[in-house]
Amino acid sequence: MAKGLAALPRPPEAVVLLGDMECHEPLDVLAAPIFESGASLHWIFGNHDYDGGPEMWANLAAPGLNPRSTAGALHATVREIAGVRIAGLGGTFRPRVWHPPNPPRLRSRAELPGDRASLGPGWSEQAIGALEHSLSAMAIWPEDYDFLASQRADVLVTHEAPCSHPSGVALLADLARAMGAKLVVHGHHHVGYRAQAADGLRVLGVGAGWGVSLAGQPRWPGEAERWLGRAPKGWEYHGK
């Protein structure tokens, strides 16, 4: 990212990270090149941002470790960024909370303590606490989805993919439409592509580590991209 930013003729006005930063240091430290470029930083989290446990999560999300980047947390909110209203939904669907197309098991984080009995015997208090913290932090929760559905935005950024991706989820396209968003930008599947639905909703997939403009133009390359496959029914692909 630092090399990519340095190679640009001028820095971007704003940068939005789509999750899976896997912070081994505080995000404020890792994102120093962004701050030094003068760009504002905004971010959502991905399913791998808890791989290192609570310490890794704190490196991303703890305000005490990240006095600068905390202000850019975009999950379950809408902000005007560089003149564009952008909404964020981090994380992925987790079966203990919500596994579409099935209805949610739980609707809010407040229900987690009452759901402990469903775990059965053999769970230590420490293990239960770790599970609850992970789900509270990383899952897509109906309470956050419902809040965003009541808001308006131009762009919805998610980690999980909508149904434009063969492994995506239709509910995320539904959310964008409910918000009036014309574009969904997502990560997670490590492939860059552009798609459009029959009603005009556009999707931009971003590969791992890639810098891409809202128009889909690569700013710098990241990891080698994975295979995308054929467009799902109702969607057309328009190249990478």
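The values are calculated or read from the model by the stated rules, or taken from the named source; none is laboratory data. This structure is a prediction, so every number in the text was calculated from the model and none was measured. Here Cβ is always computed from backbone atoms with ideal geometry, including for glycine, and neighbour counts include all displayed protein chains.
Contact annotation: residue pairs with Cβ atoms under 6 Å, 6 or more positions apart or on different chains, pairing a residue in segment 23-34 that is touching a residue at least 24 places away in the same chain (Cβ under 8 Å) and farther than 9 Å from Asn59 by Cβ with a partner that is hydrophobic (A, V, I, L, M, F, W, C) and part of a helix (DSSP H, G or I), are Pro33/Ala2; Pro33/Leu5. You will find that of Glu55, Glu22, the residue that is under 20 Å from Val185 (Cα atoms) and surrounded by fewer than 20 Cβ atoms within 10 Å (Cβ to Cβ) is Glu22 and no other. When segment 1-56 is filtered for residues that are among the hydroxyl-bearing types (Ser, Thr, Tyr) and either assigned to a loop (DSSP other than H, G, I, E, B) or at pLDDT below 95 (or both), the ones remaining, listed by number, are Ser37, Tyr50. Only one entry in Ala110, Ala181, Ala153 is of a type in the set (Gly, Ala, Ser), at pLDDT 95 or above and over 24 Å from His238 (Cα atoms), namely Ala110.
Which of the residues belonging to segment 195-212 are surrounded by fewer than 18 Cβ atoms within 10 Å (Cβ to Cβ), in contact (Cβ under 8 Å) with a residue 24 or more places away in the chain and over 16 Å from the mean Cα position of the chain (by Cα)? If the condition is that a residue be surrounded by fewer than 18 Cβ atoms within 10 Å (Cβ to Cβ), in contact (Cβ under 8 Å) with a residue 24 or more places away in the chain and over 16 Å from the mean Cα position of the chain (by Cα), then Gln196, Ala198 are the ones that fit.
Condition check ((1) of a type outside the set (Lys, Arg); (2) assigned to a loop (DSSP other than H, G, I, E, B); (3) under 20 Å from Ile34 (Cα atoms)) across all residues:
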| site | (1), (2), (3) |
| --- | --- |
| Val184 | yes, no, no |
| His188 | yes, yes, no |
| Val191 | yes, yes, no |
| Gly207 | yes, yes, yes |
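Would you confirm whether any residue within segment 97-118 is touching a residue at least 60 places away in the same chain (Cβ under 8 Å) and either in a strand (DSSP E or B) or among the charged types (D, E, K, R) (or both)? There is no residue in segment 97-118 that is touching a residue at least 60 places away in the same chain (Cβ under 8 Å) and either in a strand (DSSP E or B) or among the charged types (D, E, K, R) (or both). Checking segment 147-166 against the condition returns a match, with at least one residue being in contact with a Gly (Cβ under 8 Å, 6 or more places away or on another chain), of a type in the set (Val, Ile, Thr) and either more than 30 Å from Glu55 (Cβ to Cβ) or not in a loop (DSSP other than H, G, I, E, B) (or both). Taking segment 57-96 as the range and being in a loop (DSSP other than H, G, I, E, B) and touching an Asp or Glu at 6+ places or on another chain (Cβ under 9 Å) as the test, the residues that pass are Leu65, Asn66, Pro67, Arg68, Ala76, Ala82, Gly83, Gly90, Gly91, Phe93, Arg96. Residues in segment 63-82 that are farther than 16 Å from Val15 by Cβ, without any contact (Cβ under 8 Å) to a residue 12 or more places away in the chain and among the small types (Gly, Ala, Ser): Gly64 only.
Taken as a whole, segment 77-89 holds at least one residue that is touching a helix residue (DSSP H, G or I) at 6+ places or on another chain (Cβ under 7 Å), modelled with pLDDT of 95 or more and closer than 18 Å to Leu148 by Cα.
Taking every residue in segment 127-154 that is in contact (Cβ under 8 Å) with a residue 40 or more places away in the chain and pairing it with any residue that is surrounded by 16 or more Cβ atoms within 10 Å (Cβ to Cβ) and among the acidic types (Asp, Glu), at least 6 positions away or on another chain, the pairs with Cβ-Cβ distances below 8 Å are Met138/Asp49; Ile140/Glu160.
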